[in-house]
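The structure appears right after this line, and notes come after that.
A short reminder: the numbers here are calculations on the coordinates, not readings from a lab. Keep in mind that this is a model prediction, so the values were computed, not measured. FYI the Cβ positions are ideal-geometry reconstructions off the backbone, even for glycines, and counts take in every protein chain you see.
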Amino acid sequence: MRVLSGVQPSGKLHIGNYFGAIRQFVRLQEAHECFYFLADLHALTTVQDPTRFRDLVTDLATGFLALGLDPDRSTVYRQSDIPEVTELSWYLSTVTSMGLLQRCHSFKDKVAQGVEPSHGLFAYPVLMAADILIVKSDLVPVGKDQKQHLEVTRDVAGSFHATFGEEVFVLPKPIILDDVAVVPGVDGRKMSKSYDNTIEIFGPEKPIRKKIMGIVTDSTPVEEPKPTEDNALYHLLKIFAPDDGERAWVESSFAEGGVGYGDMKKRLFEYYLQTFGDARARYEELKDDPAEVERILAAGAEKARETAAPLMAEVRHIVGVK
Ligand code: TRP
């Protein structure tokens, strides 16, 4: 089975990205042929500052590799290095109804938030369909919020087949990433860069420690049992606790009291360093070797194009362009 997924370089990697997606990407490498890419063209719908954009792309590539996406096992590449993606996206556009895109939640949500929608934002799911179809992916691990985009991909592929009477595309299936992995942010809402409540994976320790020490808690006194429901600190400790012993410590600290929130946060910071220590060290090494990161992306692009180029030739022939 061929697995594909992409992440937009639209902000610094945070622990929600890891537990919600990248950890599963790493595991999927064990059993499948995987394609993982930086969705830089998608990110242009929101990041329109070239200096920041370049930084975010390099940072995400470095982070992918540091976290264990392994270029010896998986194809790791940058979307914009595959010109077939944008070309396919146009052909797909011509068989995609406006209504299908108008029904997309992510688009409607953005409009409801008051974002002035660009055509790029509207066409976002078509570009995503092209990402998926161009390498003939069977399985696409995505969060729940992207499930509808997978349905759009299948619809668009089906509509291309119906229009031209040729079945060139593989219809992909989603792997919906676990809901248990929804990580609360430091303010208790879902961790998201748009709420500015994230805990980053990379970068200097000090501000990260500060963020962890600033997790919003209630005013239950040290000696009393602490509520666990809607308690971001509790959920973060549970997500990070490295073994059964530590999990038991978390449970008893909340159930029995005697441990203050401040000490729990210190423990969380220790778990954080234990979990990400190795990746953080690899990140620092790779950051000093951007040429190596570029080399890996170039090799990945070449590999992805081994599937993309012949498929594109077929598609051109089918529509009559060649
Ligand atoms: N839209 C996805 C997100 O924001 C990123 C993405 C772009 C993607 N193209 C994709 C994910 C193709 C899976 C497959 O999370």
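Comparing Leu236, Thr198, Met213 along the charge dipole axis of the stretch 155-292, the residue lying farthest to the positive side is Met213, per the Cβ-charge model.
Helix-only arithmetic for the chain: the sum of -39500 (n - 2.57) across DSSP H runs with n ≥ 4, divided by the residue total, places the mean residue ellipticity at 222 nm at -17000 deg cm²/dmol. Under the convention that each Lys and Arg Cβ holds +1 and each Asp and Glu Cβ holds -1, the size of the dipole of the stretch 191-244 around its Cα centre is about 380 debye. Based on Cα contacts under 8 Å between residues 6+ apart, the chain shows a relative contact order of 23 percent. Protection proxy ranking for 222-229, 78-85, 67-74, using the average of other Cβ atoms within 10 Å per residue and placing the highest first: 78-85, 67-74, 222-229. For GluC sites (Glu not before Pro), the sites in the stretch 104-175 that DSSP calls loop and that have at most 15 other Cβ atoms within 10 Å are Glu166, Glu167. Over the stretch 108-185, Cα pairs under 8 Å with separation of 6+ residues give a relative contact order of 35 percent. Taking every alpha-carbon pair within the chain, the share separated by more than 37 Å comes to 23 percent.
For Phe35, nonlocal amide neighbours, meaning residues 5 or more places apart or on other chains whose placed amide H falls under 5 Å from its own, are Val3, Leu4, Ser5, Thr75.
Simple point charges give the picture: +1 on the Cβ of Lys and Arg, -1 on the Cβ of Asp and Glu, and for the stretch 1-119 a dipole about the Cα centre of about 380 debye.
Projecting the Cα positions of Cys34, Thr62, Leu100 onto the charge dipole of the stretch 1-156 (unit charges on Cβ atoms of Lys, Arg, Asp and Glu, taken about the Cα centre) puts Leu100 furthest along the positive direction. Relative to the globular-protein estimate of 2.2 N^0.38 Å, the Cα radius of gyration of the stretch 136-188 stands at 1.53.
As a rough footprinting exposure proxy, the listed residues Ile296, Ile199, Ile134 were ranked by other beta carbons within 10 Å of their own, and the order from fewest upward is Ile296, Ile199, Ile134. For trypsin sites (Lys or Arg not before Pro), the sites in the stretch 167-230 that DSSP calls loop and that have at most 15 other Cβ atoms within 10 Å are Arg189. For the chain, the share of DSSP beta bridges that are antiparallel, to the nearest 5, is 10%.
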